[in-house]
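Colleague: Right, I'll just put the structure down here and ask away after.
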């Protein structure tokens, strides 16, 4: 039996309760796959876009995406000499609290944090761009514990900053410092104490996921050198695949579906589909195909049914997941990010163009588009859908749109 287990969604509220279907409590949503289970959303938008519910400012600089749990929205930003985590009311955009976490991170491609907070019950975990990892009280923003993973584990801060979103699995918190013997570490989420450490790869810009094959639970991580599978209980290496890694920036999050792992990178590299098989108490990874037809740069594809939809560099591409055969390509809104909900692809280009298209392998079928203002830096933060609302971030600005069918 194969099933996906992503523990960031086990307890996503102020009480011990399962996550609501309308929540988006971590990077890429409930199951870290870029898919919202919501239905009853608009099939098309009026000219100029769906109704804007509110606009908030004061998020600071940065590319951090959004986590939403039980009516609260969490993200990261930078202002002045510090990075911070903040919480907003998801329905109104009103700021609830803000907590400084780390010194400022300057970068010529945009200052500030890149990683998305992860909500787990009444706790929140976030990684700042220079390696500060924090655990906060999600209700108040109070600091529970804090460490710099680069300093503690001997990691080197990636050129464009740590960009991962921490993964919660049961009692453990998984992060990738990229240190010698500590490329990936598991920490006790309550205390920050080390549980295990594994591998010596440098950190990339991808976020870990968790999966289960043949009763063996594993962490899947795209490091600077390879995609690796580690036992969740002790960090021991199960498998390693390096063909899809490039020498510049491995960014896309691995995708797990029905015993297969799909990973992609840009800079002339490509994508791979791996079949995971449990054998003799371990897990074997076998290459199904390697292809240059899908080269995810800063964004990750979504897999719907038999098809993967993603930006191969600047071109939106639909590809059969099992065969690697391309169904169609289209310039769409321009190079961007994609999120899925209710039969549609929600697209945001790095120039602020927002598109709505059918998720079909027949061909590119755009239903609507509009634009949000773009500032100095590209709009790289992916769209988030929660409780009938579409959230779009442009650095300091956050836009909320009502996309529910009336």
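Colleague: Going by average Cβ density within 10 Å per residue, which order do the peptides 104-110, 308-314 take, highest to lowest? Could the numbers behind the result be given before it?
Modeller: Numbers: 104-110: 15.1, 308-314: 22.6.
Peptide ranking by packing, descending: 308-314, 104-110.
Colleague: Suppose the chain between residue 365 and residue 109 were pulled fully straight at 0.36 nm per residue; how much longer would it get relative to their current alpha carbon spacing?
Modeller: Details: separation 256, 0.36 × 256 = 92.16 nm, distance 3.27 nm.
Roughly 88.9 nm would be gained on extension.
Colleague: Ok, one more. Using packing as a proxy for protection, rank 174-186, 348-360 so that the peptide with the highest average count of other Cβ atoms within 10 Å comes first. Display every interim value, and only then the final one.
Modeller: Details: 174-186: 24.5, 348-360: 20.7.
By packing density, highest mean first, the sequence is 174-186, 348-360.
Colleague: Once Rh is set to the Kirkwood radius over Cα pairs, what Stokes-Einstein translational diffusion coefficient, in µm²/s, holds for the stretch 103-225 at a temperature of 37 °C and a viscosity of 0.692 mPa s?
Modeller: Values: Rh = 14.5 Å.
My calculation gives 226 µm²/s for D.
Colleague: Counting only helical runs of four or more DSSP H residues, what would the 222 nm mean residue ellipticity of the chain come to if each run contributes -39,500 (n - 2.57) and the total is spread over all its residues? Before the final figure, lay out each step's value.
Modeller: On the way: 1 runs with 5 residues, N = 406.
My calculation for the chain gives 0 deg cm²/dmol from helical runs alone.
Colleague: Just one of (1) -0.20, -0.59, -0.72; (2) -0.44, -0.83, -0.91; (3) -0.24, -0.68, -0.83 is log10 I(q)/I(0) by the Debye sum over Cα atoms at q = 0.06, 0.10, 0.11 Å⁻¹ as worked out from the coordinates here. Which one is it?
Modeller: (1)
Colleague: How would 153, 377, 262 line up from fewest to most surrounding beta-carbon atoms within 10 angstrom?
Modeller: Values: 153 23, 377 16, 262 26.
The fewest-first ordering by Cβ neighbours comes to 377, 153, 262.
Colleague: How far apart, in nm, are two points set 7 Å out from the Cα along the Cα-to-Cβ line at residue 246 and at residue 194?
Modeller: 3.3
Colleague: Taking R0 as 25 Å, what's the FRET efficiency between residue 293 and residue 159 from their Cβ-Cβ distance, rounded to 0.05?
Modeller: Working: r = 27 Å, r/R0 = 1.10.
So the FRET efficiency works out to roughly 0.35.
Colleague: Could you work out how far apart the two model spin labels at residue 286 and residue 315 are, taking each label as a point 7 Å from the Cα in the direction of the beta carbon, and quote it in nm?
Modeller: 3.2
Colleague: Here's a follow-up. If you rank 344, 335, 284 by fewest surrounding Cβ atoms within 10 Å, what's the result? Could the numbers behind the result be given before it?
Modeller: On the way: 344 24, 335 20, 284 15.
Lowest count first: 284, 335, 344.
Colleague: Hey, another quick one. Sort 136-148, 25-37 by packing, meaning the average of other beta carbons within 10 Å per residue, with the highest value first. Show your work: numbers first, answer last.
Modeller: Working: 136-148: 16.8, 25-37: 23.8.
Descending packing order for the listed peptides: 25-37, 136-148.
Colleague: Which order do 289, 162 fall in if you start with the one that has the fewest other Cβ atoms within 10 Å? If you can, show how the numbers build up before the last one.
Modeller: Numbers: 289 14, 162 27.
So the ranking, lowest neighbour count to highest, is 289, 162.
Colleague: Place a point 7 Å from the Cα of residue 21 along the Cα-to-Cβ direction; which residues of the stretch 316-341 have their backbone N under 16 Å from it?
Modeller: Residues 341 fall inside that zone.
Colleague: How many times 2.2 N^0.38 Å is the alpha carbon radius of gyration of the stretch 272-406? Working shown, then result.
Modeller: On the way: Rg = 16.6 Å, N = 135, 2.2 N^0.38 = 14.2 Å.
Rounded to two decimals, the normalised Rg is 1.17.
Colleague: Still on this structure, please answer the following. Over the Cα atoms of the stretch 219-348, what radius of gyration and what Dmax do you get, in Å?
Modeller: 14.6, 48
No lab work stands behind these numbers, since they all come straight from the coordinates. These numbers come from a predicted model, not from an experiment. A quick note on method: Cβ atoms are made from the backbone with ideal geometry, for glycine too, and the neighbour counts reach across all protein chains shown.
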